[in-house]
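A.B. asks: Before I ask anything, let me first share the structure, which is written out below as structure tokens.
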Amino acid sequence: MKIVIDDKIPYIQEAASLIADEVVYIKGSDIQNDDIRDADALIIRTRTRCDESLLKNSKVKFIATATIGYDHLDTDYLEKAGIQWSNCPGCNAKSVGQYVQASLLLLEKEKGYQLNQLKIGLVGAGHVGTAVQAALSPLGVTVLLNDPPKMQSMAGHKENTTTYCSLQDIMEQCDIISFHTPLIRNGQWPTYHLADKKFFANLKQRPVIINTSRGEVVDNTALLEAINEGQIREAIIDTWENEPDINLELLKKTYIGTPHIAGYSADGKANASRMAIEAVCNFFKIKVNISINPPSLTSPFKAGYTPTPKELALSLYNPYRDSELLKQHPEHFEELRGNYPLRREQYDD
């Protein structure tokens, strides 16, 4: 069996060698039809568009994307071609929770926000939204959830104790609004440009806007106008329209602007790599024990010193570094994303 793998997917080499006779690693954006004609499976990320132009006349039977999102997969074509696929729902949810929590701690530390007096609206309450809610719980913020599909699916379930609100409620009440939806262009609940010019014009609290979902969920042109017109206080943006060729004026005006790395903790990456390998094994009925663990990380605090929970959180991850690097070198967006340093969700000692 031959597998072609995006060469930026970490911690996967040893496991891949156990299940395939041949493994070829290629930069995700460079994978072409000639590269995969005789491949049985692909393991990719968002930078590889899987459609007819890539897959026509190939042997590929299965695609695993080591990501939560799958809008880079032409699922209609894959179905017609008989190519099955899988994604990795929830793989990096805790990592995104860490990113949002750290961003709020910076707002408190550098901007004087009193978190226990704020309302934060989470738009999207799936794997990631739920993990973000858990990460924010120790901070004392009041959380409002908006998720129309989930609210409809849970209607009438007596065991459901979660309360959902409308997007309008969030627009009127919240001091911070954070997006955690998939990118959906059509249907009953589209999320493409969910935050558009009309959305920003109807905000009541001049909130902080956070986007770690998909770039197109927030209209970047409208967001820049909202900053310039004072409709929002701050912008914390990790996912952008037109990546890697992002709006440089918007980047300059963000409080925190990062290169699509909110979910890039080593723990989240290891989860995604394991889930992708397991999906390939399940499809091809390969029986092998897979164990993928991230590198260890030692606490920087001196022996005998007990850091506060907030000190501990920001020592594990401070998004300011990622933001400064991107603002200094926006032309290196892909390099900063593809060669990301070790980041853990906890210390090993």
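A.B. asks: Output the relative contact order of the chain, whole-number percent, from Cα pairs under 8 angstrom with separation of 6+ residues.
C.D. replies: On the way: 648 pairs, mean separation 57.2, N = 349.
Relative contact order here is 16 percent.
A.B. asks: Compute, for the stretch 94-257, the length of the dipole vector about the Cα centre, with Cβ point charges of +1 (Lys, Arg) and -1 (Asp, Glu) only. Units Debye, rounded to 20. Walk me through the numbers before you get to the answer.
C.D. replies: Working: 15 positive and 18 negative charges, 72 e Å.
Roughly 340 debye, rounded to the nearest 20.
A.B. asks: Short version: ³J(HN,Hα) in whole Hz for each residue of the stretch 205-213, in order, from phi by Karplus 6.51 cos²θ - 1.76 cosθ + 1.60 (θ = phi - 60°), x for Gly and Pro, what are they?
C.D. replies: Calculated HN-Hα couplings, in order: 9, 6, x, 7, 9, 10, 10, 10, 8 Hz.
A.B. asks: Moving on to the next point. Below 18 Å, Cα to Cα, which lysines can K94 reach? Residues fewer than 8 away in the same chain don't count.
C.D. replies: Result set, ordered by chain and number: K269, K310.
A.B. asks: Now for a different question. For the chain, what is the calculated [θ] at 222 nm in deg cm²/dmol (nearest 500), taking -39500 (n - 2.57) for each run of four or more DSSP H residues and dividing by its residue count?
C.D. replies: Helices in the chain give a 222 nm mean residue ellipticity of -10000 deg cm²/dmol.
A.B. asks: Among rounded, prolate and oblate, which fits the stretch 94-257 when a ≥ b ≥ c are the square roots of the eigenvalues of its C-alpha gyration tensor, a/c under 1.5 means rounded, and a/b larger than b/c means prolate?
C.D. replies: On the way: a/c = 1.59, a/b = 1.21, b/c = 1.32.
Oblate.
A.B. asks: Starting from the 7 Å offset along Cα-to-Cβ, what nm value, one decimal, do you get for the label separation of A201 and H332?
C.D. replies: Distance between label points: 4.1 nm.
A.B. asks: Run the reach check for K80 against lysines, Cα to Cα strictly under 24 Å, same-chain hits fewer than 8 apart removed. What comes back?
C.D. replies: K2, K56, K59, K61, K285
A.B. asks: If you wrap the stretch 235-349's Cα atoms in a convex hull and average its projection over all directions, what's the area in nm²? Walk me through the intermediate numbers first.
C.D. replies: On the way: hull surface 39.0 nm².
Directional mean of the projected Cα hull area for the stretch 235-349 stands at 9.7 nm².
A.B. asks: Related question: For T258, what residues show an amide H to amide H distance below 5 Å, using hydrogens built from the backbone and excluding near sequence neighbours?
C.D. replies: I237, D238
A.B. asks: Now for a different question. What's the local net charge at P182, with K and R +1, D and E -1, over the other residues with C-beta under 10 Å away?
C.D. replies: Details: positive: R214; negative: D71.
So the environment of P182 carries a net charge of 0.
A.B. asks: Looking at the stretch 98-169, which chymotrypsin sites (Phe, Trp or Tyr not before Pro) are in a loop (DSSP not H, G, I, E or B) and have at most 10 other Cβ atoms within 10 Å?
C.D. replies: Working: sites: Y99, Y113, Y164; in loops: Y113.
Taking the stretch 98-169 and a limit of 10 other Cβ atoms within 10 Å, no loop chymotrypsin sites (Phe, Trp or Tyr not before Pro) are found.
A.B. asks: Give, as a single signed number, the net charge of other residues whose beta carbon lies under 9 Å from the beta carbon of Q205, with Lys and Arg counted +1 and Asp and Glu -1. Intermediate values should be presented prior to the final figure.
C.D. replies: On the way: positive: K119, K204, R206, R233; negative: E172, D175.
Local net charge: +2.
A.B. asks: With unit charges on the beta carbon (Lys/Arg positive, Asp/Glu negative), name the residue among T191, T254, C165 whose Cα is farthest towards the positive pole of the charge dipole of the stretch 94-257.
C.D. replies: The residue sitting most towards the positive pole is C165.
A.B. asks: If I model a spin label as a point 7 Å beyond the Cα along the Cα-Cβ vector, how far apart are those points for E110 and N57 in nm?
C.D. replies: Here the answer is 5.3 nm between the modelled labels.
A.B. asks: Using 0.36 nm per residue of separation minus the Cα-Cα distance, give me the extension gain between E225 and V288 in nm, one decimal. If you can, show how the numbers build up before the last one.
C.D. replies: Numbers: separation 63, 0.36 × 63 = 22.68 nm, distance 5.31 nm.
Working it through step by step, the gained length comes to 17.4 nm.
A.B. asks: Going by how many other beta carbons lie within 10 Å of each one, how would you line up S86, S296, fewest first?
C.D. replies: Working: S86 19, S296 11.
So the ranking, lowest neighbour count to highest, is S296, S86.
A.B. asks: State the cysteines of the chain left without a partner when partners are defined as other cysteines whose beta carbon lies under 4.7 Å away.
C.D. replies: C50, C165, C174, C281
A.B. asks: Set the Förster distance to 30 Å, then compute FRET efficiency between L297 and E249 from the Cβ-Cβ distance, nearest 0.05.
C.D. replies: Details: r = 36 Å, r/R0 = 1.20.
E(calc), rounded to 0.05, equals 0.25.
A.B. asks: Taking H as built 1.01 Å from N, whose amide H comes closer than 5 Å to the amide H of C165, not counting residues under 5 places away?
C.D. replies: So C165 has HN proximity to L145, N146, D147.
A.B. asks: Another question, then. Would you grab the residues whose amide H sits under 5 Å from the one on I5? Only those 5+ places off in sequence or on another chain, please, with H modelled 1.01 Å from N.
C.D. replies: Amide H neighbours of I5, under 5 Å, 5+ apart: V24, Y25, I26, I43.
A.B. asks: Output ³J(HN,Hα) for the stretch 59-67: one whole-Hz value per residue in order, computed from phi by the Karplus curve 6.51 cos²θ - 1.76 cosθ + 1.60 with θ = phi - 60°, and x for Gly and Pro.
C.D. replies: 8, 4, 10, 8, 10, 10, 9, 7, 9
A.B. asks: Taking Cα pairs under 8 Å and at least six residues apart, what relative contact order does the stretch 97-216 come out at, in percent? Could the numbers behind the result be given before it?
C.D. replies: Numbers: 172 pairs, mean separation 31.3, N = 120.
Here the relative contact order equals 26 percent.
A.B. asks: If you plug each phi of the stretch 251-267 into the Karplus form 6.51 cos²θ - 1.76 cosθ + 1.60 with θ = phi - 60°, what whole-Hz ³J(HN,Hα) values come out, in order, with x for Gly and Pro?
C.D. replies: 4, 4, 9, 6, 6, 10, x, 10, x, 6, 10, 4, x, 9, 5, 4, 5
A.B. asks: May I pose another question? Could the peptides 6-16, 197-207, 269-279 be put in order, highest first, of the mean number of other beta-carbon atoms found within 10 Å of their residues? Show your work: numbers first, answer last.
C.D. replies: Details: 6-16: 19.0, 197-207: 15.7, 269-279: 23.9.
My ranking of the peptides, most packed first, is 269-279, 6-16, 197-207.
A.B. asks: Oh, and also: Just add up the charged neighbours of L224: K/R +1, D/E -1, any other residue whose Cβ is under 12 Å from the Cβ of L224.
C.D. replies: Details: positive: K197, K252, K253; negative: D219, E225, E229, E241, E249.
Result for the local shell: -2.
A.B. asks: Same structure, new question: With no solvent and one point on each alpha carbon, what is the Debye value of log10 I(q)/I(0) for the stretch 87-137 at q = 0.22, 0.27, 0.31 Å⁻¹?
C.D. replies: -0.79, -1.03, -1.19
Rule-based calculations on the coordinates, nothing more; no lab input. Nothing here was measured: the structure is a model prediction, and the numbers come from that model. Every residue, glycine among them, receives a Cβ derived from its backbone with ideal geometry; neighbour counts consider all protein chains shown.
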